[in-house]
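Please read the structure below before turning to the comments.
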Amino acid sequence: AAAGICHARGANADLPPVWMLYLPVGDMAESLRRVEEEGGKVVKVVKHDDGSYMYAAIQDPVGVYFGLVPGQA
């Protein structure tokens, strides 16, 4: 896991100004599907030029924001 400050400007203007915890997941597409299935919200998905996932910002059902990144779960 990693963390960073979301400054809520530029590319992140639609995100709140909070510390973001980024969690590695083995399958981004499946993880994003499950976020929505379990009542969360996919706020933003960012991909590389080749179409692979860079990261996704999500919001859990109680309103907490965090990120998912491709990697070892």
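The values are calculated or read from the model by the stated rules, or taken from the named source; none is laboratory data. For clarity, every value in this text was computed on a predicted model and none was experimentally measured. Because the Cβ atoms are built from the backbone with ideal geometry, glycine has one as well, and the counts that use them run over all protein chains shown.
The residues in region 11-50 that are modelled with pLDDT of 95 or more, in a loop (DSSP other than H, G, I, E, B) and more than 19 Å from Q72 (Cα to Cα) can be counted, and the count is 5. The one condition from (1) free of Cβ contacts under 8 Å to residues at least 12 places away in the same chain; (2) in contact with a Phe, Trp or Tyr (Cβ under 9 Å, 6 or more places away or on another chain); (3) of a type in the set (V, I, T) that V64 does not meet is (2). Checking each residue in region 6-17 for being under 13 Å from the mean Cα position of the chain (by Cα) and loosely packed, with under 13 Cβ neighbours inside 10 Å picks out only D14. Is one or more of the residues making up region 33-43 surrounded by 13 or more Cβ atoms within 10 Å (Cβ to Cβ), under 10 Å from the mean Cα position of the chain (by Cα) and among the small types (G, A, S)? Among the residues of region 33-43, not one is surrounded by 13 or more Cβ atoms within 10 Å (Cβ to Cβ), under 10 Å from the mean Cα position of the chain (by Cα) and among the small types (G, A, S), which makes the answer no. Taking every residue in region 15-30 that is more than 14 Å from V45 (Cα to Cα) and of a type outside the set (A, V, I, L, M, F, W, C) and pairing it with any residue that is modelled with pLDDT of 95 or more and surrounded by 13 or more Cβ atoms within 10 Å (Cβ to Cβ), at least 6 positions away or on another chain, the pairs with Cβ-Cβ distances below 6 Å are P24/V69. The residues of region 26-68 that are closer than 19 Å to G10 by Cβ and among the aliphatic types (A, V, I, L, M), listed by number, are V43, V45, V46, M54, A56, A57.
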